[in-house]
Amino acid sequence: MNGASDMGGLSGMSDMSDMSDMSDMSDMSDMSDMSDMSDMSDMSDMSDMSDMSDMSDMSDMSDMSDMSGRASGGLIVCVSLNTAIDKRLLVPGFQLGAVNRAVQVDATAGGKGLNVARVAQSLGADVLATGFAGGSNGDWIRRKLDSIGLPHQMVPIVQESRICLNVIDSETGRSTEMLEPGPDISAAEKGQFLALWQKLCVPRRWLTLSGSLPRGLGDAFYAQLVGIARGAGACVVLDTSGEPLKLGVMGGPHTVKPNEEEFRQWSGADPRDYAAVRRVAAELGSYGVQTLLVSLGSEGCLAVKPNGSLWLAFPPAVDAVNPVGSGDSFVAGWTVACSRGLDVPDALRCAVAAGTVNAMSPGTGEVNREAAEAMAMRVVVTEL
């Protein structure tokens, strides 16, 4: 972090002079919760990992033997403000600047929040997906959610919902994504969603905010939503990047989950520098963030508390087929586990397991519950 005192994006968080989108923050009277994490490719600090006998207390895994129990977790609300039709094209020998022909095309109702909702439901949670949906694409998204039995309450908008493409070269396994920017949300549509959000935020409910913000909402919109949720006693998991992340953490979400690249850009810290990561977590704690999660892809995940407690989670080696949606699956696993009262090590196992199983599937946001339960038993978590 080049000395955490700089903290890159975090240092600018004290300067809120340009918060025009947050001028009316009456809904954010209680802004004190947040979190996220970092990188593990440099394992020099873990050179003595040959003895894994502790494994962050894996002796009692009874809470993870059945991820399907619905009674204990309550409804999870998954927000996807920039919903999309996600199309996956299988193109052998994909080449830029050439004519490419797909041999297989699959489409699903997408956007990061809908991926989270789909996986959370597959893990046995009761979920409600919400966000914006417009035009014929929006109608298709609603019908698709109905067809898979995923409850939803989408705010209708005038402009068309976006289409996003994921081109997979079946010969190399490489994935190329092309994402449309999404619609421009009107003031009336924004107000309609805020009214719905206020009704959905109830004490002890878990809610997820994922992905980019469509035009018209402003970078501070996630911060506003987090503030409303905190004021109602609800818990938010925030997974975004850039200015929405920088401002969103100030609202005080329970958990913040950047990936390694997002963490570096946002904080200016190296996730391999555990002392610096702990300082970032402490800074986040001043806003109310309770857990910082930094996902590291195939290298696992880092979880840090404001008090300096830090855990590393390692997935087993697997053959990844399509990593797209693994971060969303991670968020789903974490949120489901937290809603059921699991502690950080076991919640990390659930999260890493869900992300890993998704990477082994050709689809996006596809996690089999039994496979995730089995994978969770193979995830190693250690506290440093």
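The values are calculated or read from the model by the stated rules, or taken from the named source; none is laboratory data. Just so you know, these numbers come straight off a predicted model, no measurement behind them. Here Cβ is always computed from backbone atoms with ideal geometry, including for glycine, and neighbour counts include all displayed protein chains. When the accessible area is computed, the model is the full protein with side chains, heavy atoms only, and any ligands, DNA or RNA have been set aside. Shrake-Rupley method; radii C 1.70, N 1.55, O 1.52, S 1.80 Å.
Residues that are among the aliphatic types (A, V, I, L, M) and touching a Cys at 6+ places or on another chain (Cβ under 6 Å) within the stretch 296-342 comprise ALA313, ALA337, listed in sequence order. Within the stretch 225-248, which residues are assigned to a helix (DSSP H, G or I) and either among the aliphatic types (A, V, I, L, M) or surrounded by fewer than 24 Cβ atoms within 10 Å (Cβ to Cβ) (or both)? Hits for the stretch 225-248 are LEU225, VAL226, ILE228, ALA229, GLY231, GLY242, GLU243, PRO244, LEU245, LYS246, LEU247. Just the residues that are buried (at least 19 other Cβ atoms within 10 Å of the Cβ), in contact with a Phe, Trp or Tyr (Cβ under 8 Å, 6 or more places away or on another chain) and outside any strand (DSSP E or B), please, taken from the stretch 151-177. Listed by number, the list holds a single entry, SER161.
Contact map, the stretch 83-102: residues that are under 16 Å from GLU177 (Cβ atoms) paired with residues that are open to solvent by 50 Å² or more (accessible area, probe 1.4 Å) and aromatic (Phe, Trp, Tyr), Cβ distance under 7 Å, separation 6+ or inter-chain. Pairs shown: ILE85/TRP140; ASN100/PHE94. Exactly one residue out of VAL318, VAL324 is part of a loop (DSSP other than H, G, I, E, B) and within 15 Å of ASN259 (Cβ to Cβ), and it is VAL324. Output the residue which, of all residues in the stretch 334-384 that are of a type in the set (Asp, Glu) and part of a helix (DSSP H, G or I), is most open to solvent (accessible area, probe 1.4 Å). Checking each candidate, the answer is GLU370.
Per the listing VAL344, VAL367, the residue uniquely of a type in the set (Val, Ile, Thr) and more than 25 Å from CYS164 (Cβ to Cβ) is VAL344.
When the test is whether a residue is modelled with pLDDT of 95 or more and within 26 Å of THR335 (Cβ to Cβ), LEU179 does not pass it. Residues in the stretch 178-195 that are part of a loop (DSSP other than H, G, I, E, B) and under 23 Å from the mean Cα position of the chain (by Cα): GLU180, PRO181, GLY182, PRO183, ILE185. When you scan the stretch 106-124, do you find a residue that is of a type in the set (D, E, K, R), within 17 Å of THR335 (Cβ to Cβ) and either assigned to a strand (DSSP E or B) or at pLDDT 90 or above (or both), even just one? Yes, some residue in the stretch 106-124 is of a type in the set (D, E, K, R), within 17 Å of THR335 (Cβ to Cβ) and either assigned to a strand (DSSP E or B) or at pLDDT 90 or above (or both). Does LEU96 count as loosely packed, with under 12 Cβ neighbours inside 10 Å, at pLDDT below 95 and either over 26 Å from ALA354 (Cβ atoms) or under 20 Å from the mean Cα position of the chain (by Cα) (or both)? When the stated conditions are applied, LEU96 passes them. So for the stretch 127-150 (the condition being open to solvent by less than 30 Å² (accessible area, probe 1.4 Å), of a type outside the set (A, V, I, L, M) and part of a loop (DSSP other than H, G, I, E, B)), does at least one residue qualify? No, the stretch 127-150 has no match at all. GLN198 falls short on exactly one of the conditions (1) surrounded by fewer than 19 Cβ atoms within 10 Å (Cβ to Cβ); (2) not in a helix (DSSP H, G or I), and that condition is (2).
Would a scan of the stretch 127-134 turn up a residue that is on the phi < 0 side of the Ramachandran plot and more than 22 Å from the chain's Cα centre (by Cα)? The answer is yes, given that some residue of the stretch 127-134 is on the phi < 0 side of the Ramachandran plot and more than 22 Å from the chain's Cα centre (by Cα). Look at the stretch 327-352: where a residue is at positive phi and a partner is not hydrophobic (A, V, I, L, M, F, W, C) and not in a helix (DSSP H, G or I), sitting 6+ places away or on another chain with Cβ atoms under 8 Å, you get GLY341/SER72.
When we screen VAL331, VAL289 for residues that are of a type in the set (A, V, I, L, M, F, W, C), assigned to a helix (DSSP H, G or I), touching a strand residue (DSSP E or B) at 6+ places or on another chain (Cβ under 9 Å) and open to solvent by less than 10 Å² (accessible area, probe 1.4 Å), the only hit is VAL331. The set of residues in the stretch 120-143 that are within 25 Å of PRO181 (Cβ to Cβ) and in contact with a helix residue (DSSP H, G or I) (Cβ under 9 Å, 6 or more places away or on another chain) comprises ALA129, THR130, GLY131, PHE132, ALA133, GLY134, ILE141. If we keep just the residues of the stretch 265-286 that are among the aliphatic types (A, V, I, L, M) and part of a helix (DSSP H, G or I), which is surrounded by the fewest Cβ atoms within 10 Å (Cβ to Cβ)? Looking at the filtered set, the residue picked out is ALA275.
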